[in-house]
1. What percentages, rounded to whole numbers, describe P(r) for the chain computed over all alpha carbon pairs with 10 Å bin width beginning at zero?
2. Sequence neighbours fewer than 8 away in the same chain don't count; with that in mind, list the lysines whose C-alpha is under 24 Å from residue 105.
3. Helix 173-182 against the longest principal axis of the chain: what's the angle in degrees, Cα atoms only, rounded to the nearest 10?
4. So which trypsin sites (Lys or Arg not before Pro) in region 82-145 are both in a DSSP loop and have at most 10 other Cβ atoms within 10 Å of their Cβ?
5. Nearest 500 deg cm²/dmol is fine: what mean residue ellipticity at 222 nm does the chain get from its DSSP H runs of n ≥ 4 alone, each adding -39,500 (n - 2.57), divided by its residue count?
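None of the figures in this text is laboratory data; all of them are computed from the coordinates on show. Bear in mind the structure is a predicted one, so any value in this text is a computation, not a measurement. Cβ sites come from the backbone with ideal geometry, for glycine too, and all protein chains shown count toward neighbours.
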Amino acid sequence: MAVDSFDLFNASDYDIVAGVDEAGRGALAGPVVAAAVILDPFRPIQGLADSKQLSEAKREALAPIIRERALAWAVGSADVHEIAKLNILQATLLAMWRAVDALKKTPDFVRVDGNQLPKWPYLCEAVIKGDSKVDCISAASIIAKTTRDAIMRDYALRYPEYGFEHHMGYGTAEHLKAIETCGVLPIHRTTFKPFRVEADDE
């Protein structure tokens with residue numbers, strides 16, 4: 001059951017609130033990864049924030065603390081084939097659904113970063129800029145980002161000429177040059193620009 005505003009409810013009425021966020025939605029390569037985190041109110045974590053506003057070192061330092069102190073956490077993802085089949089929005093919502101479904105505790109309420117919600121049975125709300133406003137969403141943002149970064153570093157070892165360890169699959173000049181020089185990989189999202197533009201030109 002989705003609601004338009006969490007203000008309709010008293011947050012103290014819910015003992016188990018999960019925060020959900022994704023990483024990699026706008027990348028040209030690799031999966032989209034979502035995380036769900038239920039924080040322990042008795043084990044607060046200092047420094048939580050939108051993962052994009054944190055340095056890599058800070059994110060990597062916070063991630064194991066979140067995993068250790070949270071009541072529950074989980075990740076879900078959608079690969080490039082699912083992204084191509086479903087579109088990136090639906091693939092992102094699928095990754096979020098998988099993350100919450102994998103939690104070892106069933107949440108009473110779910111707060112999702114952004115303005116879209118998966119179709120699921122949980123009482124929930126979408127929170128625009130929630131990754132910078134809500135601690136459990138910030139924690140999910142950090143887990144999603146560091147998890148996806150680790151995946152992209154593994155791809156960097158497999159495909160060293162693409163520089164994935166630098167751009168994490170996003171459309172930087174370095175990445176676009178590598179695609180032009182070395183070609184398209186199986187992990188590239190060929191339904192995205194610039195691939196779609198190239199296909200249209202043929």
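1. 9, 35, 33, 17, 6, 1
2. Partners within reach: 119, 133, 145.
3. Between helix and principal axis, roughly 50 degrees.
4. In loop regions of region 82-145 (DSSP not H, G, I, E or B), the sparsely surrounded trypsin sites (Lys or Arg not before Pro) are 104, 119.
5. -12000 deg cm²/dmol
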